Amino acid sequence: MSLLQSRLQGLRREALKVEDHMVPVPPVSGKQRVWREIKDRVMQEAVDVLDIETMEKMSGDERDGYLKEQIGVLVSQTLQDLDATLTRTDSLRMVDEIVSEITGYGPITPLLADHSVNEVMVNGPNQIYVERKGKIELTNITFRDDGHVMHLIHRIVAPLGKRIDESSPMVDGRLPDGSRFNATIPPISLTGPVLTIRKFSATPLSMADLIGFGTLSTSMGMFLKACVEGRLNIVVGGGTGSGKTTTLNVLSALIPSNERIITIEDAAELSLQQEHVVRLESRPVNVEGKGSISIRDLVINSLRMRPDRIVVGEVRGGEALDMLQAMNTGHDGSLTTAHANSPRDILSRLETMVLMAGMDLPVKAIRDQIASAIDLIVYQARFKDGSRKITAITEVAGMEGDVITLQDIFLFDEQGIGEGGKVTGAFRATGVIPRCLPRLNTAGIHVPRDTFA
């Protein structure tokens, strides 16, 4: 059975369940009841009416046109059978909804197509939120019931060879366009099936874009570009949703195209434009509880793949030790991200993650490893107005006794709230000349000293 036919059969089963009262349907108004009845009947008949073999040979636009034409005929026939009427606008909306159910992602298809939406959050059938410009908004879109949401989740998960059920109620993955999704279902979710989709721009952002968005200043961008080209080891830190992955993508794009890059991720999100890129992705356990391949396994394996650069999407466990060792053994210019609340907190978290590797190392030895491996920390934050800014570029200066010393090169000074609730402030250089400057000069990369004035 083809994927398209499988989708249609699934939609038909869901519609029949509702008609036979096999699933509870929340009370709705008379108009909503008629709308759902028409939609369910069309879903049931679509399997028999549509020519699946012909559709699979069509291009995307041809298929959508064919579907709209056939579904439009079915809607008109169903309205006659039920002696019901819909306005032309409602009829067109009905056709669009059904086509989205068949070829897209059901009710949330328009949200995924909306370029102003960064994240879609489905909290059960009746609460669908989106994030626009860093702020969360409730939409007026709903699903029919829990089964409708579950049907969409299974449709998303099935092509990936993953599963989600009561014994495995969580799953991560990515959509064909690269957007990242997480699905969580009962019994661990008490609000019904929950689906979170984080969208990524179809066209990768550049450093100029980040400067234009106000994420950092021109001087900061020039310095970071020099550091990437000069093969400094960089950790991008920040809280959830602060834009770490976007910044990592931008920094990774600055790696010279003649270098061999290996990316390692939980769910592939990085979109590097260089030609010589090897992408590795971790794998969860299979149905038998075996076959897991962790980020740590991939980091260890990548060292045997002759990398010039290793880019780890995020360190969150014992792989931190292997990453530090790679940075200390000739793999300069490696990049990664970590969740943290400040540049100093990133170091504390790295210590904790190294201990998670199960090695009985003294804290002094771990700190020595961190101080010699990490050159630069880029810390990013999301503000109340939804804006994302790099609030600190901090250099790891070495050790003083048992303490890793840090020095801020650039900072963002928040000054308050301006018109429209916008955060006001200014990026500034601290006046500290980075210790890495001679190293950059030796590599033939010149950064004017007045950049740090």
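Taken together, the values in this text are just the output of simple stated rules run on the coordinates, not laboratory data. As the structure is a computational prediction, the values presented were derived from the model and not from experiment. Quick reminder, even Gly has a Cβ in these numbers, built from the backbone with ideal geometry, and neighbours come from all protein chains shown.
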Quotient of C-alpha Rg and 2.2 N^0.38 Å, computed over the stretch 207-452: 1.01
Could you work out the relative contact order of the chain? I mean the mean sequence separation of Cα pairs under 8 Å and 6+ apart, divided by the number of residues, in percent. 10
Counted neighbours (other Cβ, 10 Å), sorted fewest up, put 352, 245 in the order 352, 245
Residue-by-residue Karplus 3J(HN,Hα) for the stretch 134-140, coefficients 6.51, -1.76, 1.60, Hz, glycine and proline x: x, 10, 8, 10, 7, 9, 9
I want to check the label-to-label distance for residue 382 and residue 84. Put each point 7 Å from Cα in the C-beta direction and report it in nm to one decimal. 3.9
Anything in the chain that counts as a DSSP H helix reaching 27 Å or more along its axis (C-alpha) with Kyte-Doolittle mean of at least -1.0? List them, would you? 30-49, 60-82
Full extension between residue 189 and residue 91 adds, at 0.36 nm per residue less the Cα distance, a length in nm of 31.7 nm
Across the chain, where is the longest run that never hits trypsin sites (Lys or Arg not before Pro) in a DSSP loop with at most 12 other C-beta atoms within 10 Å? 134-289
When the charge dipole of the chain is computed with +1 at the Cβ of Lys and Arg and -1 at the Cβ of Asp and Glu, the Cα pointing farthest to the positive end, of 312, 156, 184, is that of 312
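Tell me whether the stretch 106-200 comes out rounded, prolate or oblate; compute the Cα gyration tensor, take square roots of the eigenvalues as a ≥ b ≥ c, and use a/c under 1.5 as the rounded threshold.
Values: a/c = 1.81, a/b = 1.30, b/c = 1.39.
Oblate, because a/c is 1.5 or more while a/b does not exceed b/c.
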With a Förster radius of 41 Å, plug the Cβ-Cβ distance of residue 115 and residue 170 into 1/(1 + (r/R0)^6) and report the FRET value to the nearest 0.05. 0.90
Is the stretch 255-394 rounded, prolate or oblate when judged by the Cα gyration tensor, a ≥ b ≥ c being the square roots of its eigenvalues, rounded requiring a/c under 1.5 and prolate requiring a/b larger than b/c? rounded
For the stretch 312-380, what class follows from the C-alpha gyration tensor (a ≥ b ≥ c being the square roots of its eigenvalues): rounded when a/c is under 1.5, otherwise prolate if a/b is larger than b/c, else oblate? rounded
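Report the antiparallel proportion of the DSSP beta bridges in the stretch 301-453 as a percent, rounded to a multiple of 5.
Percent antiparallel among DSSP bridges in the stretch 301-453 is about 90.
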At q = 0.20 Å⁻¹, what is the log10 ratio I(q)/I(0) for the stretch 48-142, with the Debye formula run over Cα points and no solvent? -1.02
Cα pair distances of the stretch 400-453 binned at 5 Å [whole percent]: 4, 15, 17, 16, 14, 13, 10, 7, 4, 1
Virtual spin-label span in nm between residue 222 and residue 140, 7 Å along Cα→Cβ: 5.1
DSSP-defined beta bridges in the chain - what % are antiparallel, rounded to 5: 70
